[in-house]
Amino acid sequence: MNLLTFRTEQDLNRAGAGMIASLLQIKPKAVLGLATGSTPIGIYEELVHLYRSGSLSFAKASSYNLDEYVGLSGSHPASYRCFMNTHLFDQVDIDPANTHVPNGLAVNLEQECAYYDAMIEDAGIDLQVLGLGHNGHIGFNEPGDVLVAGTHVTDLQQQTIEANARFFDSEDDVPKQAITMGVAGIMKTRQVMLVVRGESKAAIAERALTGPITTECPASLLQLHPNLVVLMDEGAGAWAK
Ligand code: GLP
């Protein structure tokens, strides 16, 4: 595991975008695993900046997102599809047909999960961007007695609903379920870039990366990933110095 702590948000954003840009330069057809939430926004902004400056192209790349709310269409402003279009896809030259986000409106959700897993398996994700939930979740793999290997429908925990209420008009509007890639899908990716920001995540970051490997902290499984890079700001990563 490579733990990196950055003095400024800009340094962190540049490092994260730099990892993605280097991959795309070496492998233009790279398969990106992407995440939503507030954590990766600065990295996506930096990628847009690199694209506009002419030093980066996504023309041959493809992407698979970690998760999506059940019941939201891609045009709902709080959907992860809308998030990705707004923050990245609409602003760079990626082919929209090559961008994938689970379909939260699928009539048969089980079928959608199986379809998504087959696509990920076939594509092979080169670099997976991950944020970290305050309860240790990755994607929407919530803590519990068990974790699920493949893409699946999950019930969101109250803490997650509260944390994500800021993206909705009210807490009641937050969907209670989501489709998420499972932990096996995440662990099979060739490289993981876990990004953690802010003092409020320092304790869970330390627990996930140095504590016991347990389903009670899904991110702790990442300790077993052969190619994990962790990018933290000083708030989240003070313990790692
Ligand atoms: C959300 C997402 C995760 C994200 C996490 C942290 O629920 N499903 O993919 O990493 O919570 O979000 P944030 O970056 O806004 O703190």
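The values are calculated or read from the model by the stated rules, or taken from the named source; none is laboratory data. All values derive from a computational prediction rather than experimental measurement. Cβ placement follows ideal geometry from the backbone for every residue including glycine, while neighbour counts extend to all protein chains displayed. Accessible surface is based on the protein model in full, side chains and every heavy atom, while ligands, DNA and RNA are left aside. Shrake-Rupley method; radii C 1.70, N 1.55, O 1.52, S 1.80 Å.
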Show that you can apply the helix-only estimate: for the chain, add -39,500 (n - 2.57) for every DSSP H stretch of four or more residues, divide by all residues, and state [θ] at 222 nm to the nearest 500.
-> -9500 deg cm²/dmol
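Below 27 Å Cα-Cα, how many Lys pairs turn up in the chain? Only count pairs eight or more apart in sequence, or on different chains, if you could. Before the final figure, lay out each step's value.
Values: Lys27/Lys60; Lys27/Lys188; Lys29/Lys60; Lys29/Lys188; Lys60/Lys188; Lys176/Lys201; Lys188/Lys201; Lys201/Lys241.
Within the chain, the lysine pair count is 8.
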Computed magnitude of the charge dipole of region 1-134 (debye, nearest 20; Cβ of K, R +1, Cβ of D, E -1) = 440
Excluding ligands, DNA and RNA, the carbon-plus-sulfur percentage of the accessible area of region 2-233 with a 1.4 Å probe reads 50
Relative contact order computed over region 6-154 (Cα-Cα under 8 Å; 6+ residues apart), in percent = 26
Charge dipole (the chain, unit charges on Cβ, about Cα centre) - positive-most of Asn13, Gln159, Pro175 = Asn13
Rounded to the nearest 20 debye, dipole of the chain from Cβ charges on Lys, Arg, Asp, Glu | 880
In terms of modelled amide H atoms, which long-range or inter-chain residues lie less than 5 Å from the amide H of Asn65?
-> Leu34, His100, Val101
Would you mind calculating the gained length between Trp239 and Gln159 on full extension (0.36 nm times residue separation, minus the Cα-Cα distance), in nm to one decimal?
-> 26.4 nm
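Quick one: length gained pulling His49 to Glu206 fully straight, 0.36 nm per residue minus the C-alpha distance? Each step should come with its number before you reach the end.
Working: separation 157, 0.36 × 157 = 56.52 nm, distance 3.17 nm.
So the extension gain works out to 53.4 nm.
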